[in-house]
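The values are calculated or read from the model by the stated rules, or taken from the named source; none is laboratory data. Remember, it's a predicted structure, so these values are computed and weren't measured experimentally. Cβ coordinates were reconstructed from backbone atoms using ideal geometry, including for glycine residues, and neighbour counts include every protein chain displayed. For the accessible areas, the whole protein counts, side chains as well, though only heavy atoms, and no ligand, DNA or RNA atoms are used. Shrake-Rupley method; radii C 1.70, N 1.55, O 1.52, S 1.80 Å.
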Amino acid sequence: MATQTVEILNDVQAVPPPPEPPAERGWRHKRVAASLPDVFSSIRVSESWSNWRKLLAFVGPGLLVAVGYMDPGNWATDLAGGARLGYLLLSVILISNIMAIVLQHLSLKLGIVTGRDLAQACRDHFSKPVAFSLWILCELAISACDLAEVVGSAIGLQLLFGIPLIWGCIITASDVLLVLYLQGKGFRYIEALVFTLIITIGGCFAAELIFSKPSLSGILLGFVPGPRIVTNQGMLYVSIGILGATVMPHNLYLHSSVVQTRKFEQTSVGKREAIKFATIDSTGALMFALFINAAILILAAAVFHWSGHQDVAEIRDAYKLLSPLLGVSIASALFAIALLASGQNSTLTGTLAGQIVMEGFLNIRIKPWLRRLITRLIAIVPAVLVIGFAGESKTTELLVASQVVLSMQLGFAVWPLMRFTSEKGKLGEFTNKPSLKILGWTTALIIITLNVKLLFDTFMPEAALKAVYGTLGLPMPD
């Protein structure tokens with residue numbers, strides 16, 4: 001009997017272990033938890049459905065991502081670009097949008113193929129000190145983004161209802177309760193609210209463009225890139241600001257997670273189909289974001305550039321001047337409504353991004369209301385302190401500072417994303433093709449280089465800037 005037992009055990013030991021599923025290959029650890037577990041795979045996609053019905057099922061995550069590309073942090077750079085240079089920088093907005101489409105495609109592919117969001121992937125791939133550092137940087141970026149959204153919403157409330165900025169910042173904390181309520185009802189409710197606010201923003205700017213009667217030929221020529229964007233230092237500097245404010249690092253974490261709310265077949269064919277429909281959703285939503293950003297710049301160009309107000313760069317100045325210059329009493333109000341909708345929309349998605357980042361990097365679970373309250377306080381407290389001690393006139397500087405912080409973190413999100421999606425060991429047959437690798441790495445290097453330049457120009461002493469630009473034979477940045 002003992003001899004038979006030994007033989008059986010030997011036979012068992014001789015059988016090789018079953019291969020790991022494709023999503024686990026190339027990773028150091030198995031997945032321990034789903035991303036956004038309370039809504040993970042909560043929206044069913046049936047194989048028997050038609051392609052149109054499947055596409056509709058995948059519509060939603062792209063809208064949440066697009067919100068980050070039209071948040072209040074973009075408004076100041078778009079206003080400045082249009083007021084100072086007319087339609088010339090529309091090509092920069094277009095290029096920024098193409099970069100965004102590429103990066104968001106890679107983000108959703110990472111989530112669909114591996115079942116991990118970008119934060120979880122970083123925690124698995126990098127050492128603990130590196131992963132912890134990436135988490136700190138990402139939290140700073142989300143807080144900076146939240147700060148811009150809180151201030152933007154507060155400015156919108158002040159312009160519409162005369163509410164002091166400090167109270168406006170505090171009122172924006174109510175979004176914590178709204179997100180908790182809607183997420184409890186179902187993720188589709190959050191997507192529906194975001195869609196409603198996006199349509200509101202689009203409707204407001206469509207009306208503004210009708211009122212302002214911009215030059216169609218000027219707009220079409222503006223979308224054509226020209227050498228002056230690089231050779232003209234002032235134009236280049238505004239272009240860097242637009243690029244830096246457009247691509248948001250937290251969107252890469254957000255998209256890799258929310259795309260997993262769809263329950264699709266976990267097969268090669270199912271994942272490939274999911275990538276296709278999710279990319280259509282993302283690209284369509286980002287094209288709408290292109291319209292919003294372009295509309296802000298076109299409006300500023302049509303109303304301010306040729307009317308002697310080329311120095312308009314602040315949201316309040318634009319609000320005050322729109323109705324008098326257009327001769328339409330409702331123009332300023334529509335501008336403020338769009339700003340409020342933009343700010344509130346961005347805070348909704350920002351709270352989700354904060355949850356994804358904290359849970360993904362640290363693998364901890366705390367009550368959603370507590371985590372979101374902490375995130376919102378991190379954004380509100382600095383805004384209230386600056387406004388309280390420095391006055392409301394410093395809000396524009398606060399917005400600019402938040403964009404600088406975002407610029408610092410962007411490379412730390414783009415680089416891991418490109419690395420993970422380019423490794424065959426991690427994505428298998430879904431690894432980036434050579435052409436996509438070239439496009440993706442080029443996009444990453446351009447973004448990182450331009451943001452390094454922006455940081456250099458922001459923080460270096462004037463004497464050092466003169467020495468560097470003088471050596472290179474370039475004029476000082478404006």
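On the stretch given as segment 317-339, residues that are within 29 Å of the chain's Cα centre (by Cα) and open to solvent by less than 40 Å² (accessible area, probe 1.4 Å) total 10.
When you look at Gln183, is it part of a helix (DSSP H, G or I) and modelled with pLDDT under 75, yes or no? Considered against the rule, which asks whether it is part of a helix (DSSP H, G or I) and modelled with pLDDT under 75, Gln183 comes out as yes.
Test Phe291 against the stated conditions and say whether it is at pLDDT 90 or above and surrounded by 24 or more Cβ atoms within 10 Å (Cβ to Cβ). So Phe291 does not fit the description; no. Scanning segment 206-213 turns up no residue that is surrounded by 15 or more Cβ atoms within 10 Å (Cβ to Cβ) and part of a loop (DSSP other than H, G, I, E, B).
So if I check each of Leu197, Leu108, which one is within 22 Å of Thr261 (Cα to Cα), open to solvent by less than 20 Å² (accessible area, probe 1.4 Å), assigned to a helix (DSSP H, G or I) and not polar (S, T, N, Q)? Break it down into steps so the answer makes sense when it comes.
Details: Leu197 fails: open to solvent by less than 20 Å² (accessible area, probe 1.4 Å).
Going through Leu197, Leu108 in turn, just one is within 22 Å of Thr261 (Cα to Cα), open to solvent by less than 20 Å² (accessible area, probe 1.4 Å), assigned to a helix (DSSP H, G or I) and not polar (S, T, N, Q): Leu108.
Is there a residue in segment 454-468 that is part of a loop (DSSP other than H, G, I, E, B), surrounded by 19 or more Cβ atoms within 10 Å (Cβ to Cβ) and at pLDDT 70 or above? So far as segment 454-468 goes, no, none of its residues is part of a loop (DSSP other than H, G, I, E, B), surrounded by 19 or more Cβ atoms within 10 Å (Cβ to Cβ) and at pLDDT 70 or above.
Does Leu197 satisfy being modelled with pLDDT of 85 or more and under 21 Å from Pro61 (Cα atoms)? Steps first, answer last, please.
Values: modelled with pLDDT of 85 or more: yes; under 21 Å from Pro61 (Cα atoms): yes.
Yes.
Any residue at all in segment 323-330 that is assigned to a helix (DSSP H, G or I) and either touching a residue at least 24 places away in the same chain (Cβ under 8 Å) or of a type in the set (A, V, I, L, M, F, W, C) (or both)? Checking segment 323-330: at least one residue is assigned to a helix (DSSP H, G or I) and either touching a residue at least 24 places away in the same chain (Cβ under 8 Å) or of a type in the set (A, V, I, L, M, F, W, C) (or both). When you look at Val39, is it in contact (Cβ under 8 Å) with a residue 24 or more places away in the chain, among the β-branched types (Val, Ile, Thr), open to solvent by less than 10 Å² (accessible area, probe 1.4 Å) and not in a helix (DSSP H, G or I), yes or no? Taking the combined requirement at face value, the residue satisfies it. With respect to the conditions (1) open to solvent by 10 Å² or more (accessible area, probe 1.4 Å); (2) within 24 Å of Ala34 (Cβ to Cβ); (3) modelled with pLDDT under 90, Gly115 lacks only one, and its number is (3).
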